[in-house]
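Asks: Quick one: the structure is below, and I'll ask about it shortly.
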Amino acid sequence: MPTFSSCVSILRQGFGRLAIFGLLLLVIAGCEQTKERPKLKIGYMNCNNEQETRQRFVPLTRYLSEQVGVDFEAVPVDTHDFEDRFKAGEFAFTHTNSLLYVVLHENQKLQLLSAEKRGHFGARSAGAIIARADSGITKLEDIRGKRMVFGPMMAPTGYLAQYDLMLAAGIDPERDLGYYAIPSGSFKHEKLVYGLYFGQFDVAAAPVLDLEVMAKEGKITAEDFVVLAQSELIPYCTFGAAAETDPELVAKVRKALLGLTADATALVDGEQVRVLKAAWVDGFEELLDSDYDPIREMAKRANMPPYQKF
């Protein structure tokens, strides 16, 4: 028969085991609570420069992180590097212009999430060919032999749309223009308009949205220019998701984008920043992939990616 002291010892051992077991449960619970969130990258196509791209889209990236429980990193990417880096699996999500979306969808199976809304036409914009109002150039046929400035070659409303407009009018940009150029550096679309305004060029390929924004900011007036031709409306900048991204996460990100309102904020460097205002965006709209078919047709006619034939 056990003695009193041996019973106490047994009880102490039992309580010790219970204490250790309880401590283990607390540790496990603590580990669950401090479990690291997934880390994924969003590739943002550089519009003007890397610094501006970060300033515009870091608040949006922080907002998405808060909404879906994933630590997203905003990564500015040059247009000519984008497909290779996406193909290598660097980005789970993308933010690009609509032509690059078409390229990535065709070649890399990029999924469509939503399109930016900005300006008078919302999630769509157009490309225009313009001349100075006092130039004597009044119709598209007048641009033969003239000096023209285009936006970047992968710009859907700064190059592709205008190239297609000229081809449709029987004007071959490679043969019928006297000279054309594509500006380098930042703020390329504004350079088109200013190059025309100050007489360096006779004609410019101008995105309608940029004309709208510059006029709103008082940089130009509508009376300064004449529109020689304008394309149909096509989708604007677009969010996409890699084909292998978790469908549940894709749905959450889409919902977060479509639900963004003007008063939504995100914490950046200790400050609550309005997400849409920082991104220069009015909101996001859900489009169908078929809405991008006009861009596909333009690219085919202009022998542009992803349909180019050499």
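Asks: What are the pairs with Cβ atoms under 8 angstrom where one residue, in the stretch 228-250, is in contact (Cβ under 8 Å) with a residue 40 or more places away in the chain and under 18 Å from Asp293 (Cβ atoms) and the other, located anywhere, is surrounded by fewer than 22 Cβ atoms within 10 Å (Cβ to Cβ) and of a type in the set (Asp, Glu)? Sequence gap at least six, or different chains.
Replies: Hits for this filter: Pro235/Asp291.
Asks: Take the stretch 249-267 and flag every residue that is assigned to a strand (DSSP E or B) and open to solvent by 20 Å² or more (accessible area, probe 1.4 Å).
Replies: Thr265, Leu267
Asks: Mind checking which residues of the stretch 205-258 are farther than 25 Å from Ile182 by Cα, among the β-branched types (Val, Ile, Thr) and out of contact with any Ser or Thr (no Cβ under 9 Å at 6 or more places or on another chain)?
Replies: The answer is Thr245, Val250.
Asks: Considering every residue within the stretch 217-239, establish whether at least one is within 17 Å of Leu60 (Cα to Cα) and either assigned to a strand (DSSP E or B) or open to solvent by 70 Å² or more (accessible area, probe 1.4 Å) (or both).
Replies: Within the stretch 217-239, one or more residues are within 17 Å of Leu60 (Cα to Cα) and either assigned to a strand (DSSP E or B) or open to solvent by 70 Å² or more (accessible area, probe 1.4 Å) (or both).
Asks: Another question, then. Determine which member of the set Leu192, Leu196, Leu211, Leu276 is more than 23 Å from the chain's Cα centre (by Cα) and crowded, with 21+ Cβ neighbours inside 10 Å.
Replies: Among Leu192, Leu196, Leu211, Leu276, only Leu196 is more than 23 Å from the chain's Cα centre (by Cα) and crowded, with 21+ Cβ neighbours inside 10 Å.
Asks: Output the number of residues of the stretch 279-305 satisfying the condition of being open to solvent by less than 20 Å² (accessible area, probe 1.4 Å) and in contact with a strand residue (DSSP E or B) (Cβ under 6 Å, 6 or more places away or on another chain).
Replies: 6
The values are calculated or read from the model by the stated rules, or taken from the named source; none is laboratory data. Worth saying up front: this structure is predicted, and the values here are computed from it rather than measured. All Cβ positions, even for glycine, are placed from backbone atoms using ideal geometry, and neighbour counts span all protein chains on display. Heads up: the accessible areas ignore ligands, DNA and RNA and are worked out on the full protein's heavy atoms, side chains in. Shrake-Rupley method; radii C 1.70, N 1.55, O 1.52, S 1.80 Å.
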